[in-house]
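Take a look at the structure set out below.
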Amino acid sequence: MHERERHRIILSAVQEKSVVTIQDIAELTEASEATIRRDIAALHVQGKIRRVRGGAEAVHPPQLGNLAGRPFRVSESVNIDKKRAIARAAVDLCEAGDAIIINGGTTTFQMVHYMAGHRLQVMTNSFAIAEHLVKHSKNTVTVPGGAIYREQSLILSPFDNDAIRNFYARRMFIGAQGVGPLGIMEADALIIQSEQKLMHQADELVVMVDSSKFNRRSSLILCALDRVSAIITDDGISEEAARMVENAGVRLVVATPVAQLAKEDSSSVA
């Protein structure tokens, strides 16, 4: 990742979360901690952030009331090739006329790029997904009522009497903060409340996570693995994580990024 892109991610992260650690940024950018220290020092000199012990903080702290977890614009470009491969595999599960639910997230958002030629009935709590599908596809789109959380591009409602309870889906597609033996993990209680409400309206739950999510943990559990029908991930998943998924009786779908497929095809030709 280029320096300019790393700086953009750092600035977005501190503006949304106020204080971020070197480890957090290194994970986001897949750069070394030494590189991140240099980036923080450079941005500190430019007056764009403040360098603090172990990380950085915003010059102007963000407003209160944001959801926990990474903002949409911070995470959108992270592991993008893997996310697109996972999204393509997710859309391949859909058949013409299917009713599906797509929960908001940067991995689930990538599904929109493969849905242009489909005619699906889609319920989504993602403002970004709804907007893209309305503009660039012929899918039927339904959104729940509620407030729009700009940073995560989510529409969340605390009320039970919204459009969700009248929508029935064959499958629900979600991302996650982490996946472990105890189940699917998320970072914010309000997000979990919204996802659990949507889950009641779908027969199958499909979790879309890149392989790094099997090494992450969160303090909040959305559901146990036995509630999950399938997990779609990339080919970086470890043997231990794959065994965990399969031992739980969950279907494991491994997607290969397009860039890697192209590389393998060129090697075979040579």
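The values are calculated or read from the model by the stated rules, or taken from the named source; none is laboratory data. Please read these numbers as outputs of a predicted model, since none were measured by experiment. Ideal geometry is used to build each Cβ from the backbone, glycine not excepted, and the neighbour counts take in all protein chains shown. Please note that ligands, DNA and RNA were not included when accessible areas were found on the heavy atoms of the full protein model with its side chains. Shrake-Rupley method; radii C 1.70, N 1.55, O 1.52, S 1.80 Å.
Here is the figure for region 149-198: residues that are at pLDDT below 85, of a type in the set (A, V, I, L, M, F, W, C), under 25 Å from Ala89 (Cβ atoms) and crowded, with 22+ Cβ neighbours inside 10 Å total 2. The residues of region 190-232 that are in contact with a Phe, Trp or Tyr (Cβ under 6 Å, 6 or more places away or on another chain) and in a loop (DSSP other than H, G, I, E, B) amount to a single one, Gln201.
Answer yes or no: is there a residue in region 184-198 that is within 16 Å of Asn103 (Cα to Cα) and in contact with a Lys or Arg (Cβ under 7 Å, 6 or more places away or on another chain). Yes - at least one qualifying residue is present in region 184-198. The residues in region 111-123 that are open to solvent by less than 10 Å² (accessible area, probe 1.4 Å) and at pLDDT below 95 can be counted, and the count is 0. Given the criteria under 23 Å from Gln152 (Cα atoms), of a type in the set (A, V, I, L, M) and buried (at least 16 other Cβ atoms within 10 Å of the Cβ), does Val59 qualify? So Val59 fails the test.
Residues that are part of a strand (DSSP E or B) and aliphatic (A, V, I, L, M) occur in region 182-189; there is at least one.
A search for C-beta distances below 9 Å between a residue of region 240-255 that is in contact (Cβ under 8 Å) with a residue 60 or more places away in the chain and any residue that is small (Gly, Ala, Ser) and in a helix (DSSP H, G or I), counting only pairs 6+ apart in sequence or on different chains, returns Ala241/Ser211; Val253/Ala89; Val253/Ala90; Ala255/Ala85; Ala255/Ala87; Ala255/Ala89; Ala255/Ala90.
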